[in-house]
């Protein structure tokens with residue numbers, strides 16, 4: 001478990017997620033809310049705070065979401081959120097209104113108490129085209145309030161978000177948005193715990209051998225790692241470790257390290273004020289010039305220009 005914990009500490013900053021709340025939904029009887037595809041890097045989410053609903057995706061089985069559940073669509077695919085098939089009553093037109101203190105939209109098709117309440121928004125993954133964590137996630141990740149070991153924490157986050165938005169006070173939406181951003185770590189943990197043999201970087205985390213190697217790389221990316229050292233850390237042979245990395249991320253360990261170094265460097269360039277020379281040294285480059293050339297080859301922009309535009 002120590003290796004997995006090290007990896008999560010290393011992965012957390014790479015998520016670079018910016019949350020955006022969009023709608024508070026109050027629905028009754030027959031209703032459906034259609035969501036088209038999002039632009040690259042935007043991941044819509046739906047949190048059910050009361051009642052239940054159905055989430056439909058074009059190429060996957062429909063799933064029922066109950067109070068306290070949350071669904072995140074990491075790749076922004078089109079989907080429909082609708083009433084359960086058992087819902088009774090006629091279909092009514094949806095009405096939308098703005099709140100007093102923020103830009104959130106309240107959508108409703110009922111005058112009185114609704115059967116279902118939702119909070120809907122989206123998460124923006126910065127640098128989505130190069131985000132190895134985002135690429136490893138499936139089309140939808142579900143966080144169930146009733147069957148996870150951290151269910152109480154999830155319910156607590158949802159309850160605070162709901163109470164802030166219900167009161168419609170100054171600053172309620174920004175506070176709720178920050179809390180919604182914490183959902184992404186729940187998403188990552190939930191996906192790993194439910195499907196440890198996934199693909200990409202999460203597949204490395206799913207096996208003790210590769211998690212040990214990944215933990216070392218994340219903890220000290222600037223070290224001049226050799227394949228022998230990584231194999232010793234993973235308590236396996238060089239050939240076995242190479243096959244495991246090839247299976248998970250389609251590259252051998254040291255090639256993955258080169259990619260990881262540049263990904264970490266990009267995060268530090270955009271998230272800190274450290275000099276480019278310092279960042280280059282931290283991620284294992286002997287010269288700033290060599291680092292700049294590798295960075296431009298990988299991302300199509302020089303590190304200094306990336307910092308200015310980012």
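The values are calculated or read from the model by the stated rules, or taken from the named source; none is laboratory data. Computed from a predicted model, the values in this text were never measured in an experiment. Reconstructed Cβ throughout: ideal geometry from the backbone, glycine too, with neighbour counts over all protein chains shown.
Taking residue 19, is it modelled with pLDDT under 90, within 20 Å of residue 186 (Cβ to Cβ) and not in a strand (DSSP E or B)?
Spelling it out, it is not the case that residue 19 is modelled with pLDDT under 90, within 20 Å of residue 186 (Cβ to Cβ) and not in a strand (DSSP E or B).
Being closer than 15 Å to residue 45 by Cβ and either modelled with pLDDT under 65 or buried (at least 18 other Cβ atoms within 10 Å of the Cβ) (or both) is the filter here; which residues of the range 181-205 pass it?
Within the range 181-205, 183, 184, 186, 187, 188, 190, 191 qualify.
Could you look through the range 259-282, keep only residues that are within 23 Å of the chain's Cα centre (by Cα) and either farther than 25 Å from residue 227 by Cα or without any contact (Cβ under 8 Å) to a residue 24 or more places away in the chain (or both), and pick out the one that is surrounded by the fewest Cβ atoms within 10 Å (Cβ to Cβ)?
In this case the residue turns out to be 272.
Among the candidates 65, 54, which residue alone is surrounded by 19 or more Cβ atoms within 10 Å (Cβ to Cβ), within 26 Å of residue 160 (Cα to Cα) and modelled with pLDDT of 90 or more?
After ruling out the rest, the residue left standing is 65.
With the requirement that a residue be at pLDDT below 90, closer than 24 Å to residue 166 by Cα and not in a loop (DSSP other than H, G, I, E, B), what does the range 73-97 give you?
Of everything in the range 73-97, those that are at pLDDT below 90, closer than 24 Å to residue 166 by Cα and not in a loop (DSSP other than H, G, I, E, B) turn out to be 95, 96, 97.
Of everything in the range 31-51, what is crowded, with 16+ Cβ neighbours inside 10 Å and part of a strand (DSSP E or B)? Give them in sequence order.
Those that are crowded, with 16+ Cβ neighbours inside 10 Å and part of a strand (DSSP E or B): 33, 35, 42, 43, 44, 45, 46, 47, 48, 49.
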